[in-house]
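Structure, as structure tokens:
None of the figures in this text is laboratory data; all of them are computed from the coordinates on show. Not measured: the values here are computed from a predicted model. So basically every Cβ, Gly included, is an ideal-geometry build from the backbone, and we count neighbours across all protein chains shown.
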Amino acid sequence: MKKGFTLLTILFAVLIIGIVIAFGFYKFSNRTTSDSAVLSSAPIKIGYLAALTGDYAAYGITEVNMAKLVVEDTNAAGGVLGRKLELVVYDTKTRNEDAVNAVRRMIESDKVCAIIGANSSGINIATAPIVNMGKTPQISTVGTNPLVTVDSNGKVRPYSFRVCFTDPYQGALAADLAKTDLQKDKAAILYNVGSDYAQGLREFFTKSYKKLGGEIVADEGYRETDVDFRAQLTKVKRSGANVLFLPGMGKDMALIIKQAQELGLDIAIVGGDGYGEFMNEIAGSAMKGTYWINHTYLSDPGMAPIFARYKKVYNDDCKEFVNGTMAYDATQWLIDAIIRADSTEGEAIAKALETTEGLELAHATLTISPEDHNPINKAGIILKVDDNLKTQFYKKVEPK
């Protein structure tokens, strides 16, 4: 009797367990289907990394505003892969540590499929290991240092990309402008010693300028927190330099140019793509006749309707038109890659970005090199500030 009872109990228990398992599987199947439906209707999240406060906020705010226009247009047209896009924005405060923390949150908490920004080489170099570990593509808008997309051994960073040209090309353009166009044979350099961008651009300008027969007669550094550059400028004046190369960013270059005028330093000034039109407000008349290597120009016909819309939406002339253009194109490029990948998985998007060929963007046709994730044969623009403190197109330079 006891033995029979035990057998009956076991059979009953097995039956109950079977029912529970079957019911659980049914519930799980329904939950999975339901969750999939919710997932498919959830927005595709794109991270945007930009300086929204501090000295370089003008650049970052313009970039984010442009990216919002692209996202709004895309959503109005039906979204991507049947889903809406959502822009997840974080402020870097122009600090590497804040950018690294923001990228971690984007990947781990916000679950973004890719990241656009920042415009700083140093920040993109700092975040590269994080996006690589998280298998989340990142597109730099104006990060021109070669190490943004390749490591110190020249090996490509699989999840790091850029939409702009690089410092070796930019440095060569600046050197050719100074030596060949302006016929200045003695150059001085004043740069931020703590900036990867400035260090790289200084190096490539020096190499190209010397190759053209020019001489570097002064090479002065400063720290990021410096606001008084008179000591360095006095050395530049004594050196006999007839051209000053500034591989810096916005505010510091504007202060340098203003103080150079105050010291009576009569010298040609050439700078890189760290230029911003707000510098004209800081340095005033000292900005007249300065030259700047850049990616695009305000009267670029491909961007004209976009700039007009920007002004209408934000009641602003898009003074930082370079950052605006690069942000617009980077956002379009990423959306194109998601569509071609037919996926929101980082690995698939990275592959699509890497194999981009002949993509027509607002201001350029984009083809990416798989070896270094850089645009191939992207033209450079030289700008000049006129007597009315307006930035004018000087000439376009095609890669040689």
Note down the nm distance, to one decimal, between modelled labels 7 Å out along Cα→Cβ at residue 355 and at residue 340.
0.8 nm
Can you compute the modelled spin-label distance between residue 133 and residue 393, with each label point 7 Å from Cα toward Cβ, in nm?
4.6 nm
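Let a ≥ b ≥ c be the square roots of the eigenvalues of the Cα gyration tensor of segment 264-335; is it rounded (a/c under 1.5), or, if not, prolate (a/b larger than b/c) or oblate?
Note, shape of segment 264-335 comes out prolate.
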Using the Kirkwood radius over C-alpha pairs as Rh, can you work out the diffusion coefficient of segment 214-315 via Stokes-Einstein at 10 °C, viscosity 1.306 mPa s, in µm² per second?
105 µm²/s
Residue 238-residue 281 FRET efficiency (beta carbon distance; Förster radius 45 Å; 0.05 resolution):
0.90
When a/c is below 1.5 the answer is rounded, else prolate if a/b is larger than b/c, else oblate, so apply that to segment 306-400 with a ≥ b ≥ c taken from the square roots of the Cα gyration tensor eigenvalues.
oblate
Take the alpha-carbon positions of the chain, form their convex hull, and give its projected area averaged over all directions (one quarter of the hull surface) in nm².
25.0 nm²
At 27 Å minimum axial length over the Cα atoms and a Kyte-Doolittle cut of 0.0, report the qualifying DSSP H helices in the chain, or say none.
2-41, 57-76, 321-341
In whole angstrom, note down how far apart the Cα centers of segment 378-399 and segment 177-251 are.
20 Å
Between the modelled labels at residue 226 and residue 153 (7 Å from Cα along Cα→Cβ) the distance in nm is 3.6 nm
Calculated [θ] (222 nm, deg cm²/dmol) that DSSP helices of n ≥ 4 give over the chain, each run adding -39,500 (n - 2.57)
-14500 deg cm²/dmol
Going by how many other beta carbons lie within 10 Å of each one, how would you line up 303, 66, fewest first?
303, 66
In the chain, taking the dipole from +1 charges on Lys and Arg beta carbons and -1 charges on Asp and Glu beta carbons about the Cα centre, the listed residue (156, 233, 323) farthest towards the positive end is 156
Restricting to Cα pairs below 8 Å that are 6+ residues apart, what does the relative contact order work out to for the chain? Please round to a whole percent.
15 percent
Counting Lys and Arg as +1 and Asp and Glu as -1, what is the net charge of the other residues whose Cβ lies under 14 Å from the Cβ of residue 336?
-4
The chain: antiparallel DSSP beta bridges as a percent of all, rounded to 5:
35 percent
With T = 25 °C, eta = 0.890 mPa s and Kirkwood Rh from C-alpha pairs, the Stokes-Einstein D of segment 152-198 in µm²/s is about 183 µm²/s
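What FRET efficiency would be calculated for the residue pair residue 186, residue 377, taking the C-beta separation as r and a Förster radius of 35 Å, to the nearest 0.05?
Efficiency, from the Cβ-Cβ distance: 0.60.
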